[in-house]
Amino acid sequence: MNKQTSINSLNLIPRSQWFPKYFGDPSVGTSQNPLRISGPCSIESPEQLLEIVSTLSKEQSASRRIHLIRAGVWKPRTRPNSFEGLGEIALPWIADIKKEFSIPFAIEVANAKHVELALKHGIDILWIGARSTVNPFTVQDIADALRGVDIPVMVKNPINADLELWIGALERLNHSGIQKLMAIHRGFSQYKKNRYRNTPLWKIPLELKVLFPELPIICDPSHITGNRDYLLEVSQMAMDLAMDGLMLETHPNPDLALSDKNQQVPPQKILEIFGQIKLKSEVCQDERINFQIENLRKEIDILDNDILELLSDRSKIVSQIANAKLNSQLTALQKNRFESLLNDRQILGEKLNLDSEFIQDLFHLIHEESLKNQIQFFENHTP
Ligand code: PEP
Ligand code: MN
């Protein structure tokens, strides 16, 4: 994180001052009662919207109650010829449903015209999608259209893993006077596919949390996973990492959904998922448990120090290798060696019950650092 970001700050209205008005309950947005958001990826018809909202809004149990409906009206799609949302005609349907069920609605806006129409139709909360957050021109246009408007805005992380861009979007809105801000973590696009459609890279939202503790962060497991089978596991991870809320997509007939169908579940299932999440507290009142955790943390501190000392020993040997390679005019990278190293570490890692992807990532990082140091050594010792 560079210094410029860390001195910046957001001028936010604390959630305790505005959440109750929107979500009705002063405890919403805490680890014990996360902000629960659900609704269709895209509004497809008044009937579809009614079916979703009537099921979601009748739930009254505190651990499953939905506080905010999300609904896609304009859909920014990666490829053309995909369903791009119904657009403006869906807005009066929202206004009608809001009257009947008195539940707040959030929609995505991607330009000044969307903002104008959303405000005209009484939308409560806006969000900026991942494909818009990447573009400072788009974000600035939206921010300009919102100057002087008092409405909460949620900003999804940009598609690429760039915390600065995410913060920049939040700042642009904040400079336009938006003080009710939230961030939505929807994962990051990656070239290498893994279990999830978008890799969560939890360290990025966690860094955001450290920089702006007042900023609520909502996790969007639907867009992280891209797969309905993993919604609960990612929701649980988000709660274990003390995120402030969850956003899940729903569709009455998931397989017929016009957008993101693999990640849809019926509204009743959304309520079940919320009911299955085990909520934990960030602070523990039991002194014995605190003492136990503190002692275990001391053990971890000692092991972490050992790891750092071993890495330092390793890097001294890397300098000796760099010296030998320089004398013999060898390249820093020797592919066969790296492949066999990675293979050996994987085998040992597996025996030690360590996650294979973690071992891969770890040794790629260690090896990258080693190469960097060798090249630096070559430069410093070449006349
Ligand atoms: C969405 O929320 O439906 C959406 C398009 O998400 P994202 O901007 O995260 O891709
Ligand atoms: Mn979607």
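R0 = 25 Å: FRET efficiency of Ala242 with Arg314, Cβ-based, nearest 0.05? Can you show the working numbers first?
Numbers: r = 34 Å, r/R0 = 1.36.
So, using R0 = 25 Å, E works out to roughly 0.15.
Enter the accessible area of Glu233 (Å², nearest 10), with the probe set to 1.4 Å and all protein chains included.
Taking all protein chains as shown, Glu233 has close to 60 Å².
Using a cut-off of under 16 Å, list every residue of segment 350-383 whose amide N is near the label point 7 Å from the Cα of Asn327 along the Cα-to-beta-carbon line.
Label zone hits: 378, 381-382.
Return a whole-number percent for the relative contact order of segment 188-294, with Cα pairs under 8 Å and 6 or more residues apart as the contact set. Mind showing how you got there, number by number?
Working: 125 pairs, mean separation 22.9, N = 107.
Relative contact order, segment 188-294: 21 percent.
Kindly rank 45-54, 76-85 from highest to lowest mean number of other beta carbons found within 10 Å of each residue.
45-54, 76-85
If you keep only loop residues by DSSP, which chymotrypsin sites (Phe, Trp or Tyr not before Pro) in segment 179-236 have at most 12 other Cβ atoms within 10 Å of their Cβ?
Details: sites: Phe188, Tyr191, Tyr196, Trp202, Tyr230; in loops: Tyr191, Tyr196, Trp202.
Filter output for segment 179-236: Tyr191.
Where the centroid of each part is defined by its Cα atoms, how far is segment 244-279 from segment 157-232 in Å?
Here the two parts' Cα centres lie 19 Å apart.
Return, ordered by residue number, the residues of segment 301-317 whose backbone nitrogen is under 17 Å from a label point located 7 Å along Cα→Cβ of Leu352.
Zone members listed by number: 301-315.
Among residues other than Gly177 whose Cβ falls under 15 Å from its Cβ, what is the net charge (Lys/Arg +1, Asp/Glu -1)?
Values: positive: Arg147, Arg172, Lys180; negative: Asp144, Asp150, Glu171.
It works out to a net charge of 0.
Would you mind telling me the share, in percent, of accessible area of segment 316-383 contributed by carbon and sulfur at probe 1.4 angstrom?
Working: 2830 of 5140 Å².
Within segment 316-383, the accessible surface is 55 percent carbon and sulfur.
Between Arg147, Arg314, Arg195, where does the largest GNM mean-square fluctuation fall for the chain, given springs only between Cα atoms within less than 10 Å?
The residue that fluctuates most here is Arg314.
If you count the DSSP beta bridges with both ends in the chain, what percent of them are antiparallel, to the nearest 5?
Details: 2 of 28 bridges.
Percent antiparallel among DSSP bridges in the chain is about 5.
As an exercise, use a Förster radius of 41 Å and the Cβ-Cβ distance of Phe378 and Asn135 to find the FRET efficiency, rounded to the nearest 0.05. Kindly include the intermediate steps, with their values, before the conclusion.
Details: r = 40 Å, r/R0 = 0.98.
That pair, Phe378 with Asn135, gives E of 0.55.
In a shell of Cβ-Cβ distance under 15 Å around Pro26, excluding Pro26 itself, what net charge do Lys and Arg (+1) and Asp and Glu (-1) give? Intermediate results must be reported in sequence, preceding the final value.
Values: positive: Arg15, Lys21, Arg65; negative: Asp25, Asp244.
With Lys, Arg at +1 and Asp, Glu at -1, the net is +1.
For the peptides 26-32, 262-268, what is the packing order when you average, over each peptide's residues, the other Cβ atoms within 10 Å and list the highest mean first?
Working: 26-32: 16.9, 262-268: 19.6.
Taking the mean over residues of other Cβ atoms within 10 Å, the ranking is 262-268, 26-32.
Which of Ile94, Ile302, Ile151 moves the most in a Gaussian network model of the chain with Cα springs under 10 Å?
With Cα springs under 10 Å in the chain, the top fluctuation among Ile94, Ile302, Ile151 is at Ile302.
Over segment 248-348, what is the relative contact order in whole percent, taking alpha-carbon pairs under 8 Å and six or more residues apart? Present the calculation step by step, with values, prior to reporting the outcome.
Details: 33 pairs, mean separation 12.0, N = 101.
About 12 percent, as a whole number.
Given a 1.4 angstrom probe, what's the average accessible area per residue across the chain, in square angstrom? Before the final figure, lay out each step's value.
Values: 20170 Å² over 383 residues.
Heavy-atom accessible area per residue stands at 53 Å².
Total Lys pairs in segment 1-150 closer than 30 Å by alpha-carbon, pairs eight or more apart in sequence or interchain only?
Value for segment 1-150: 18.
Output wanted: per-residue J couplings in Hz (rounded whole) for segment 241-249, from phi through Karplus 6.51 cos²θ - 1.76 cosθ + 1.60, θ = phi - 60°, x for Gly and Pro.
9, 6, 6, 8, x, 9, 10, 10, 8
Non-local amide H neighbours of Ile184 (under 5 Å, H modeled in plane, Pro and chain starts lacking H): which ones?
Distant-sequence amide H within range of Ile184: Val155, Lys156, Asn157, Ile218.
With labels modelled as points extended 7 Å from the Cα through the Cβ direction, what inter-label distance (nm, one decimal) is found for Leu371 paired with Asp286?
Modelled inter-label distance: 4.9 nm.
Quick query: amide H of Leu248 versus all other amide H atoms, modeled in the peptide plane; which residues come in under 5 Å with a sequence gap of 5 or more or a different chain?
It is Ile37, Ser38, Gly39, by chain and number.
What number do you get for the chain when its Cα radius of gyration is normalised by 2.2 N^0.38 Å, N = residues? Let's see the in-between values first.
On the way: Rg = 24.2 Å, N = 383, 2.2 N^0.38 = 21.1 Å.
Cα-based Rg divided by the globular estimate yields 1.15.
Asn262 to Glu339: extension gain in nm, 0.36 nm per residue of separation minus the Cα-Cα distance?
On the way: separation 77, 0.36 × 77 = 27.72 nm, distance 3.60 nm.
Computed gain between Asn262 and Glu339 is 24.1 nm.
Less than 18 Å apart at the alpha-carbon level, and either on another chain or at least 8 residues along: which lysines does that give for Lys335?
Lys325, Lys372
The values are calculated or read from the model by the stated rules, or taken from the named source; none is laboratory data. Keep in mind that this is a model prediction, so the values were computed, not measured. Positions of Cβ are generated from backbone atoms using ideal geometry, with glycine treated the same way; all protein chains shown enter the neighbour counts. Side chains included, ligands, DNA and RNA excluded: accessible areas come from the protein's heavy atoms. Shrake-Rupley method; radii C 1.70, N 1.55, O 1.52, S 1.80 Å.
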